[in-house]
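Below: one structure, written as structure tokens.
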Amino acid sequence: MIEHVSLRCKDATKSRKFYEKALKPLGYVCDMEYEDAFGFKDRAGRHDFWVTKGKVGEPTHFAFLAKNAKEIDAFYQAALEAGGKDNGKPGPRKGYAEWAAFVFDPDGNNVEAVIWEKPRR
């Protein structure tokens, strides 16, 4: 789970559309708007992910915690259909994660959905 991330994007509306589709399988809903920023609510009701127009620097990496491999597979497919680019097909990551998938979003950020081999503290 991520507390929150505010991701700067060249086109916040385009990025909102990408993330609405890509994160739907993980239970996220975009239901907040503040000027040029869009807030996504997780299953617990926390707004832990935002996209906003701003200067895009180096690509960022961030991960979303999934419930199971099926959700990760659905995230990966939805992200590709939304215009993302493959950066690691769904599967086990020995020594790292039970199951994970990686995609580049429209701005080149590396987005991951993951379930861990062992509980993280």
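The values are calculated or read from the model by the stated rules, or taken from the named source; none is laboratory data. It should be emphasised that the depicted structure is a prediction, and the values quoted were computed from it without experimental measurement. A quick note on method: Cβ atoms are made from the backbone with ideal geometry, for glycine too, and the neighbour counts reach across all protein chains shown.
Is the range 55-62 home to any residue that is more than 16 Å from residue 15 (Cα to Cα), exposed (fewer than 13 other Cβ atoms within 10 Å of the Cβ) and of a type in the set (Asp, Glu)?
Taking the range 55-62 as the starting set, the residues that turn out to be more than 16 Å from residue 15 (Cα to Cα) are 58.
Subsequent filtering for residues that are exposed (fewer than 13 other Cβ atoms within 10 Å of the Cβ) retains 58.
Those still in the list that are of a type in the set (Asp, Glu) too: 58.
Checking the range 55-62: at least one residue is more than 16 Å from residue 15 (Cα to Cα), exposed (fewer than 13 other Cβ atoms within 10 Å of the Cβ) and of a type in the set (Asp, Glu).
In this structure, does residue 106 turn out to be of a type outside the set (D, E, K, R), at pLDDT 90 or above and out of contact with any strand residue (DSSP E or B) (no Cβ under 6 Å at 6 or more places or on another chain)? So that I can check it myself, show each step before the final result.
Values: of a type outside the set (D, E, K, R): yes; at pLDDT 90 or above: yes; out of contact with any strand residue (DSSP E or B) (no Cβ under 6 Å at 6 or more places or on another chain): yes.
So residue 106 passes the test.
For the range 24-44, does any single residue satisfy the condition of being in contact with a strand residue (DSSP E or B) (Cβ under 7 Å, 6 or more places away or on another chain), among the small types (Gly, Ala, Ser), loosely packed, with under 15 Cβ neighbours inside 10 Å and farther than 17 Å from residue 111 by Cα?
No: zero hits.
Applying the selection to the range 81-112, what residues are of a type in the set (A, V, I, L, M), within 13 Å of the chain's Cα centre (by Cα) and part of a strand (DSSP E or B)?
Residues of the range 81-112 that are of a type in the set (A, V, I, L, M), as a first pass: 82, 97, 100-101, 103, 111.
Narrowing the set further to residues that are within 13 Å of the chain's Cα centre (by Cα) leaves 82, 100-101, 103, 111.
100, 101, 103, 111 - these are the residues of the range 81-112 that are of a type in the set (A, V, I, L, M), within 13 Å of the chain's Cα centre (by Cα) and part of a strand (DSSP E or B).
List the residue pairs whose Cβ atoms are under 8 Å apart, where the first residue sits in the range 45-74 and is among the aromatic types (Phe, Trp, Tyr), the second is part of a helix (DSSP H, G or I), and the two are 6 or more positions apart or on different chains.
Filtered contacts from the range 45-74: 49/19; 49/23; 64/23; 64/26; 64/75.
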